[in-house]
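Single-structure report; data block below.
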Amino acid sequence: MKKALLTSTFLLIISCGESRFENKPTVENIVDNTDSSIKESFSSRYDDNMIDKIYSELIKNDKKLSALDDRMLKSYDHQRKILEYYNVVLDKSEDYYRDAHYQTNGITDSLLKHQLENQINMNAEKYDVKIKNIKILISQLTTNSERINNLYTAFKIRKTLPEIEKYQNAHPLKTDSLETFIKKQNQLLNELKNLK
């Protein structure tokens with residue numbers, strides 16, 4: 001009997017407390033709409049974080065932001081395609097020289113082995129000179145891309161900070177429901193302590 005009484009008292013405490021702390025917004029704000037974000041922005045394709053969700057909502061109503069985001073998407077896609085082309089050629093060449101050295105190591109004729117090593121090394125050095133400028137440009141492209149991503153991330157954070165503040169102001173957190181529930185918990189604790 002006592003067990004049933006305590007269980008029903010506890011359920012009553014929980015159900016009474018639940019309805020009080022529903023957090024409905026006091027004013028309309030962008031953050032409350034983030035769960036229904038549809039626009040696929042530059043970074044929201046890869047991350048599912050609040051900054052990207054809020055920024056995606058901002059993009060829906062701002063043609064300039066949307067155009068900037070589209071440019072970022074196109075730039076990223078173009079860079080990926082360019083690097084893919086160069087990396088295929090560079091990787092195949094590296095694979096070739098690695099395999100040539102590996103297979104040369106299996107040759108038992110030391111004179112032939114030495115001649116092949118020299119030829120492979122000379123050819124590889126000649127190719128390195130040929131692609132030196134390409135590697136410098138790829139490095140510059142990568143550095144620029146990192147700088148662009150850093151600046152765009154900073155821009156998005158600065159643009160979304162006011163929106164999270166609006167959300168926080170629209171959902172003021174009060175202590176009354178917590179305090180009420182803690183009082184009821186304390187009453188239940190006292191009842192449990194006094195049970196014999």
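The label point for THR175 and the one for GLU191, both projected 7 Å from the Cα toward the Cβ, are 2.6 nm apart. Accessible surface of segment 99-196, 1.4 Å probe: 56 percent of it comes from carbon and sulfur atoms.
Once you order the gyration tensor axes a ≥ b ≥ c over the Cα atoms, which shape class does segment 82-194 get: rounded for a/c under 1.5, otherwise prolate or oblate by comparing a/b with b/c? Oblate shape, in that a/c is at least 1.5 and b/c is the bigger or equal ratio.
Here ASP48 and TYR127 are evaluated by their C-beta separation; at R0 = 41 Å the FRET efficiency comes out at 0.45.
For segment 84-184, the set of trypsin sites (Lys or Arg not before Pro) satisfying both a DSSP loop assignment and a count of at most 14 other C-beta atoms within 10 Å is given as LYS174.
Cross-link list LYS53/LYS166; LYS74/LYS166; LYS113/LYS135; LYS81/LYS130: which exceed 25 angstrom alpha carbon to alpha carbon? From LYS53/LYS166; LYS74/LYS166; LYS113/LYS135; LYS81/LYS130, over 25 Å: LYS74/LYS166; LYS113/LYS135.
Think of segment 86-196 as having a plus end and a minus end, set by charges on the Cβ of Lys, Arg, Asp and Glu; of ILE131, SER145, LEU116, SER145 sits farthest toward the positive end of this dipole.
Check cross-link reach from LYS196 to the lysines: straight Cα distance under 30 Å, and skip same-chain residues fewer than eight apart. Correct list for LYS196: LYS2, LYS3, LYS183, LYS184. Taking 0.36 nm per residue of separation and subtracting the current Cα-Cα distance, fully stretching the chain between ILE82 and SER139 would add 19.2 nm.
The values are calculated or read from the model by the stated rules, or taken from the named source; none is laboratory data. Owing to the predicted nature of the structure, the values given are computational and were not obtained by experimental measurement. Virtual Cβ from ideal backbone geometry, glycine too; neighbours counted across all protein chains shown. What goes into the accessible areas is simple: the full protein's heavy atoms, side chains included, and nothing from ligands, DNA or RNA. Shrake-Rupley method; radii C 1.70, N 1.55, O 1.52, S 1.80 Å.
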